């Protein structure tokens with residue numbers, strides 16, 4: 001776009017549209033805040049997607065067998081036998097039976113310690129780990145458990161993995177929606193600022209027009225000026241967003257907050273995302289300013 005715009009001599013853009021700290025500083029701060037929020041939204045969408053992948057991978061490579069106590073049978077022995085049958089299946093890496101103490105430990109956070117009677121028949125669990133990409137024949141395993149006379153139920157965690165995918169998809173959609181909203185807000189702010197800058201320099205613009213400058217040349221001056229402003233604000237916002245997310249991921253952040261932020265050591269793509277933010281901010285500012293100024297100039301002469 002800018003290749004067709006006649007360029008002023010070196011330093012000409014600065015002389016024709018000199019920086020105005022009084023007007024530029026508030027715009028710079030607002031643009032930097034918008035870029036910061038946009039980066040956090042993008043990092044949140046990326047973090048939700050990565051975390052959902054980890055969780056679904058864990059769920060898809062595991063099974064849980066629940067052994068319910070039956071009168072006249074040893075539940076601990078049944079759990080051990082169920083682990084042996086599961087471990088013999090193709091694709092199973094290991095199967096571990098969990099005793100009554102494990103079941104009590106799972107219930108303690110909900111019911112408190114020591115609140116369950118000793119004779120309460122608690123179901124025992126068998127934790128089964130499978131190789132990634134291997135589909136276990138749960139129907140065959142269930143038939144083997146039934147043949148042994150156990151009261152067992154197999155949970156392949158499919159319900160939970162689907163729920164995690166839906167939640168992650170919602171978080172991604174929310175993050176991308178916020179990103180688009182912030183980009184629109186930034187474009188509107190830049191367009192307003194460009195029109196205000198144009199109105200404040202009408203004497204210069206009129207003089208340029210009298211000297212034969214075309215509208216696209218004048219629009220190019222504002223385009224280059226606001227590109228640099230957006231680029232600088234983008235750098236500030238991206239750096240601050242990177243520092244905040246890095247501190248959260250490395251610090252003792254609550255689990256519900258860290259879920260939406262990246263783990264820097266395992267996902268270097270976050271650096272690429274933050275590095276692209278200033279360029280995108282500069283391009284958004286340049287295009288918005290050019291369109292706004294060109295629109296105003298068309299109705300002036």
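The values are calculated or read from the model by the stated rules, or taken from the named source; none is laboratory data. Just so it is clear, the model here is predicted, and its values are computed rather than measured. Note that we place each Cβ from the backbone using ideal geometry, even for glycine, and neighbour counts take in every protein chain shown.
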Query - Pairs with Cβ under 9 Å, 6+ apart, first in region 175-195 and in contact (Cβ under 8 Å) with a residue 12 or more places away in the chain, second surrounded by 18 or more Cβ atoms within 10 Å (Cβ to Cβ) and outside any helix (DSSP H, G or I) - result: 175/260
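Per-residue answers, yes or no, for (1) more than 19 Å from residue 69 (Cα to Cα); (2) in contact (Cβ under 8 Å) with a residue 12 or more places away in the chain; (3) in a helix (DSSP H, G or I); (4) touching a helix residue (DSSP H, G or I) at 6+ places or on another chain (Cβ under 9 Å):
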position: 102; (1), (2), (3), (4): no, yes, yes, no
position: 120; (1), (2), (3), (4): no, no, no, no
position: 132; (1), (2), (3), (4): yes, yes, no, yes
position: 136; (1), (2), (3), (4): yes, yes, no, yes
Requested in this report: Say whether the condition of being at pLDDT 85 or above, surrounded by 21 or more Cβ atoms within 10 Å (Cβ to Cβ) and either within 30 Å of residue 195 (Cα to Cα) or in the same structural domain as residue 224 (by TED's automatic domain parsing) (or both) is met by at least one residue in region 20-31.
Outcome: yes
Query raised in the report: Does residue 75 satisfy the condition of being outside the structural domain of residue 44 (by TED's automatic domain parsing) and surrounded by fewer than 16 Cβ atoms within 10 Å (Cβ to Cβ)?
Result: no
Requested in this report: Only one of these is at pLDDT 60 or above and over 16 Å from residue 37 (Cα atoms): 258, 294, 277. Name it.
Outcome: 294
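Select from region 104-114 the residues that are part of a loop (DSSP other than H, G, I, E, B) and either surrounded by fewer than 10 Cβ atoms within 10 Å (Cβ to Cβ) or out of contact with any helix residue (DSSP H, G or I) (no Cβ under 9 Å at 6 or more places or on another chain) (or both) and list them in ascending order. Explain how you work it out, then say what you get.
Applying the first criterion (part of a loop (DSSP other than H, G, I, E, B)) to region 104-114 yields 112-114.
If the condition is that a residue be part of a loop (DSSP other than H, G, I, E, B) and either surrounded by fewer than 10 Cβ atoms within 10 Å (Cβ to Cβ) or out of contact with any helix residue (DSSP H, G or I) (no Cβ under 9 Å at 6 or more places or on another chain) (or both), then 112, 114 are the ones that fit.
One line per residue, one yes/no per condition, for (1) at pLDDT 80 or above; (2) in contact with a strand residue (DSSP E or B) (Cβ under 7 Å, 6 or more places away or on another chain); (3) loosely packed, with under 12 Cβ neighbours inside 10 Å:
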| residue | (1), (2), (3) |
| --- | --- |
| 183 | yes, no, no |
| 190 | yes, no, no |
| 193 | yes, no, no |
| 197 | yes, no, no |
| 203 | no, no, yes |
| 206 | no, no, no |
| 219 | yes, no, no |
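Looking at the structure I just gave you, is residue 60 over 20 Å from residue 282 (Cβ atoms), modelled with pLDDT of 90 or more, out of contact with any strand residue (DSSP E or B) (no Cβ under 6 Å at 6 or more places or on another chain) and surrounded by fewer than 19 Cβ atoms within 10 Å (Cβ to Cβ)?
Values: over 20 Å from residue 282 (Cβ atoms): yes; modelled with pLDDT of 90 or more: no; out of contact with any strand residue (DSSP E or B) (no Cβ under 6 Å at 6 or more places or on another chain): yes; surrounded by fewer than 19 Cβ atoms within 10 Å (Cβ to Cβ): yes.
No, not satisfied.
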